[in-house]
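Here the structure is laid out as structure tokens; the discussion comes afterwards.
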Amino acid sequence: MKYCYECGTKLMVKECEDEGPIPFCHTCQVFRFPIFSTAISTAVLNSQRDKVLLIQQYNIQGFILLAGYVNKGESAEQTLVREVKEEVGLQVDEYQYMRSEYFERSNTLMLNFVSIVNDDQLDVLSTEVDQARWFTLEEAKEAILKNSLAESFLLTIIEKIEADLF
């Protein structure tokens, strides 16, 4: 963040007690801590945990994980359940938080989950989803968009599944 979101003044870095160097607005006389979006990403697994659901969106060729932004007043877990239901019409029966990573391109903190659904019928797809398909874990490694955050999350999850840690 280079400018104050209240008055537009160029921010200067100033030492903040117990916080270190933080952007400071000399006009407003306040520290401006970073502001970013928060989103969830999830690898949706079938109940046997041997297939993962990947989607394609916005005419992009590679497959990705389901994801969505956390709405104001909503927890990450509520977002997870809502997004899976909205995008592919499936009910999440269980989930587990995996890890987070900052995605600079969209200034978003991504919270990654793995989720389990009992029904694997893809009867309802939102207009945001071009295609949704179930893949074996090996097929998913090949189909996922290469060098993406989705690939990084997916590979971590598959490692845990294969090591019987999930």
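The values are calculated or read from the model by the stated rules, or taken from the named source; none is laboratory data. For clarity, every value in this text was computed on a predicted model and none was experimentally measured. Note: ideal-geometry Cβ built from the backbone for every residue, glycine included; neighbour counts use all protein chains shown. Calculation scope for accessible area: heavy atoms of the full protein, side chains included, ligands and nucleic acids excluded. Shrake-Rupley method; radii C 1.70, N 1.55, O 1.52, S 1.80 Å.
May I ask you to list pairs of residues, at least six apart or on different chains, whose Cβ atoms are under 7 Å apart, with the first in the range 64-77 being in contact (Cβ under 8 Å) with a residue 60 or more places away in the chain and of a type outside the set (D, E, K, R) and the second being open to solvent by less than 40 Å² (accessible area, probe 1.4 Å) and in a loop (DSSP other than H, G, I, E, B)?
Correct list of pairs: I64/S148.
Being more than 18 Å from I55 (Cβ to Cβ) and assigned to a helix (DSSP H, G or I) is the filter here, so list the residues in the range 96-113 that pass it.
E104, R105 - these are the residues of the range 96-113 that are more than 18 Å from I55 (Cβ to Cβ) and assigned to a helix (DSSP H, G or I).
Determine whether R32 is modelled with pLDDT under 95, open to solvent by 20 Å² or more (accessible area, probe 1.4 Å), more than 22 Å from V114 (Cα to Cα) and not aromatic (F, W, Y).
For R32, the condition - modelled with pLDDT under 95, open to solvent by 20 Å² or more (accessible area, probe 1.4 Å), more than 22 Å from V114 (Cα to Cα) and not aromatic (F, W, Y) - is met.
Under the condition of being over 13 Å from the mean Cα position of the chain (by Cα) and open to solvent by less than 40 Å² (accessible area, probe 1.4 Å), which residue from the range 96-123 is nearest to I157 (Cα to Cα)?
I116
What is the residue count in the range 109-128 for residues that are of a type in the set (V, I, T) and modelled with pLDDT of 95 or more?
So the answer is 3.
Picking from L80, L111, L53, L45, which residue would you name as being touching a helix residue (DSSP H, G or I) at 6+ places or on another chain (Cβ under 6 Å) and closer than 27 Å to D164 by Cα?
After ruling out the rest, the residue left standing is L111.
Check whether at least one residue in the range 22-35 is touching a residue at least 24 places away in the same chain (Cβ under 8 Å), of a type in the set (A, V, I, L, M, F, W, C), more than 26 Å from K146 (Cβ to Cβ) and touching a strand residue (DSSP E or B) at 6+ places or on another chain (Cβ under 7 Å), and report yes or no.
Taking every residue of the range 22-35 in turn, none turns out to be touching a residue at least 24 places away in the same chain (Cβ under 8 Å), of a type in the set (A, V, I, L, M, F, W, C), more than 26 Å from K146 (Cβ to Cβ) and touching a strand residue (DSSP E or B) at 6+ places or on another chain (Cβ under 7 Å).
Give the residue that is nearest to K51 (Cα to Cα), with candidates limited to residues of the range 137-161 that are open to solvent by 50 Å² or more (accessible area, probe 1.4 Å) and in contact (Cβ under 8 Å) with a residue 40 or more places away in the chain.
Among residues in the range 137-161 that are open to solvent by 50 Å² or more (accessible area, probe 1.4 Å) and in contact (Cβ under 8 Å) with a residue 40 or more places away in the chain, the one nearest to K51 (Cα to Cα) is K160.
Confirm whether K85 is of a type outside the set (G, A, S), modelled with pLDDT under 95 and more than 15 Å from the chain's Cα centre (by Cα).
No.
Suppose the filter is surrounded by 12 or more Cβ atoms within 10 Å (Cβ to Cβ), farther than 26 Å from L137 by Cα, free of Cβ contacts under 8 Å to residues at least 40 places away in the same chain and of a type outside the set (V, I, T); does C16 pass it?
Yes, satisfied.
Among D130, D93, D164, which is the only one that is open to solvent by 50 Å² or more (accessible area, probe 1.4 Å), closer than 15 Å to V44 by Cα and not in a helix (DSSP H, G or I)?
D93
Give me the pairs, please: first residue somewhere in the range 99-119 and over 14 Å from E151 (Cα atoms) and touching a residue at least 12 places away in the same chain (Cβ under 8 Å), second residue anywhere and open to solvent by 60 Å² or more (accessible area, probe 1.4 Å) and not acidic (D, E), beta-carbon distance under 6 Å, and either six or more positions apart or on two chains.
N107/F36; L109/F36; L109/Y102; S115/Y95
Can you tell me which condition E6 does not meet? The list is (1) of a type outside the set (S, T, N, Q); (2) surrounded by 13 or more Cβ atoms within 10 Å (Cβ to Cβ); (3) not in a strand (DSSP E or B), and all the others hold.
Going through (1) of a type outside the set (S, T, N, Q); (2) surrounded by 13 or more Cβ atoms within 10 Å (Cβ to Cβ); (3) not in a strand (DSSP E or B) one by one, E6 breaks only (2).
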